[in-house]
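Visitor: Structure in structure tokens, see below.
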Amino acid sequence: MKSEKTPADAGFGRLGLCASCGYFPDYVNSRRCTPGDACIRAHSGRQIDRFLRNNRMLAVKYLDDLFWERRAIAARYADVESIVHLKSDSDEVVRRVVAARLPVDQLPSMIKDPDREVRLSIAARLPASLLVQLIHDPDYLIRATVARRLPHGQLAKLAKDPEREVRKVVAARLPPFALHLLASDPEPEVRAIVAERALPEVAIRLLHDEEWWVRLAAVGNVPRKFLPPLSKDPEVDVREAALARLAESPRT
């Protein structure tokens, strides 16, 4: 009966990727690598990852490898101190791994990285006190991430951001007393958030907004005495919301 093929028969062992490999045959015999499944010499991210996951102490040897994916995977497993020089690696995937792993005090030097994903990682990890350095980032996703994390006292700096999505985040986070800054925003989606959260004097102004869903948002945020005119609003949802509030027992 014909025996099953061994790794050598399948193109490994003294042939294929195991040829001239310094880890062969010891690592195969001790199951620290598996030809075709966990191999540092393969051009397969999964195989490289499996090898370095089982042999973390070897990761530092591959931080300067010519193959970008081998460097990126090695950067996941090497000790943090050894990957600092990869902040300026030529490949963005390597730099993304570095940005996700470095101590936060090392991140400011990567704020101007040309890759958006690198800067997103930095925006998500940078100490709140340093986030102001990213409020003028050219990518709105980074600015939106900054807006979600900025201290309230600095949020007003993004109230005039050119991107609607950023201003929506600002409108959702600004303290109610500061929402007058966005009450005249050109985007109704922003004004609707303001109408729902602002102090009553600002919400009252938005009862007359040209967009019905802004008026609807304001209905629940104003004193009842301002609602009777809304019972004749041209939009049925606004009328029903106003009438429902008017039918409620007066609040104390």
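The values are calculated or read from the model by the stated rules, or taken from the named source; none is laboratory data. Remember, predicted model here, so these are calculated numbers, not experimental data. Ideal geometry is used to build each Cβ from the backbone, glycine not excepted, and the neighbour counts take in all protein chains shown. Please note that ligands, DNA and RNA were not included when accessible areas were found on the heavy atoms of the full protein model with its side chains. Shrake-Rupley method; radii C 1.70, N 1.55, O 1.52, S 1.80 Å.
Visitor: Can you compute the modelled spin-label distance between Ser44 and Glu92, with each label point 7 Å from Cα toward Cβ, in nm?
Guide: If labels sit at Ser44 and Glu92, their model points lie 2.8 nm apart.
Visitor: Please compute P(r) over all alpha-carbon pairs of segment 1-158, binned at 10 Å starting from zero, and give each bin as a whole-number percent.
Guide: 11, 31, 23, 17, 11, 5, 2, 0
Visitor: Run the helix sum for the chain: -39,500 (n - 2.57) per DSSP H stretch of 4+ residues, divided by residue count, reported at 222 nm to the nearest 500 deg cm²/dmol. Each step should come with its number before you reach the end.
Guide: Details: 11 runs with 100 residues, N = 252.
So the calculated ellipticity at 222 nm is -11000 deg cm²/dmol.
Visitor: How much of the accessible area of the chain, in percent, comes from carbon and sulfur atoms when a 1.4 Å probe is used?
Guide: Working: 7470 of 13940 Å².
Answer for the chain is 54 percent, counting heavy atoms of protein chains only.
Visitor: Tell me which GluC sites (Glu not before Pro) from segment 142-212 have a DSSP coil assignment and no more than 13 other beta carbons within 10 Å of their own.
Guide: Here the GluC sites (Glu not before Pro) that fit, given the DSSP loop and packing criteria, are Glu210.
Visitor: Taking a ≥ b ≥ c as the square roots of the Cα gyration tensor eigenvalues, with a/c under 1.5 meaning rounded and otherwise prolate when a/b beats b/c, else oblate, which class fits segment 91-140? Can you show the working numbers first?
Guide: On the way: a/c = 2.08, a/b = 1.17, b/c = 1.79.
Oblate is the answer for segment 91-140, as a/c is 1.5 or above yet b/c matches or exceeds a/b.
Visitor: Please compute the per residue accessible area over segment 167-252 with all protein chains in place, 1.4 Å probe, rounded to a whole number of Å². Don't jump to the answer; show the numbers that get you there.
Guide: On the way: 4580 Å² over 86 residues.
Averaged over the residues of segment 167-252, the accessible area is 53 Å².
Visitor: Take segment 126-175, compute every pairwise Cα distance, and split them into 10 Å bins from 0; I just need the percent in each bin.
Guide: For segment 126-175, the binned pair fractions read 32, 61, 7 percent.
Visitor: Can you divide the C-alpha Rg of segment 193-252 by 2.2 N^0.38 Å and report the result to two decimal places? List each step's numbers first, then the result.
Guide: Numbers: Rg = 10.3 Å, N = 60, 2.2 N^0.38 = 10.4 Å.
Normalised by 2.2 N^0.38 Å, the Cα Rg of segment 193-252 equals 0.99.
Visitor: I would also like to ask the following. In terms of the ratio Rg/(2.2 N^0.38 Å) built on C-alpha atoms, what value belongs to segment 113-153? Could the numbers behind the result be given before it?
Guide: Working: Rg = 9.1 Å, N = 41, 2.2 N^0.38 = 9.0 Å.
Relative to the rule-of-thumb radius for its length, segment 113-153 sits at 1.01.
Visitor: Within the P(r) computed for segment 119-230, what percentage of the Cα pairs occupies the region above 16 Å? Don't jump to the answer; show the numbers that get you there.
Guide: On the way: 3524 of 6216 pairs.
Here the long-distance tail beyond 16 Å is 57 percent of all Cα pairs in segment 119-230.
Visitor: Net charge within 15 Å of Lys157 by Cβ-Cβ distance, Lys/Arg positive one each and Asp/Glu negative one each, not counting Lys157 itself? All intermediate terms of the calculation are to be shown ahead of the outcome.
Guide: Details: positive: Arg143, Arg148, Arg149, Lys160, Arg167, Arg173; negative: Asp137, Asp161, Glu163.
Once positives and negatives cancel, what remains is +3.
Visitor: Still on this structure, I have one more. May I ask for the net charge around Tyr140, where only other residues with Cβ less than 13 Å from the Cβ of Tyr140 are counted and Lys, Arg are +1 while Asp, Glu are -1?
Guide: Details: positive: Arg116, Arg119, Arg143, Arg148, Arg164, Arg167, Lys168; negative: Asp137, Asp139, Asp161, Glu163, Glu165.
Once positives and negatives cancel, what remains is +2.
Visitor: What's the longest uninterrupted piece of the chain once you rule out the trypsin sites (Lys or Arg not before Pro) that are loop residues per DSSP with at most 12 other Cβ within 10 Å? Mind dumping the intermediate values first?
Guide: Values: sites that count: Lys2, Lys5, Arg14, Arg31, Lys112, Lys160, Arg251.
By the stated rule (loop sites, at most 12 other Cβ atoms within 10 Å), 161-250.
Visitor: Tell me the accessible surface of Ser20 in square angstrom (1.4 angstrom probe, heavy atoms of protein chains only), to the nearest ten.
Guide: Solvent-accessible area, nearest 10 Å²: 120 Å².
Visitor: Rounded to two decimals, what is the ratio between the C-alpha radius of gyration of segment 12-53 and 2.2 N^0.38 Å? It would help to have the intermediate numbers written out before the result.
Guide: Details: Rg = 9.1 Å, N = 42, 2.2 N^0.38 = 9.1 Å.
Computed over Cα atoms of segment 12-53, the ratio equals 1.00.
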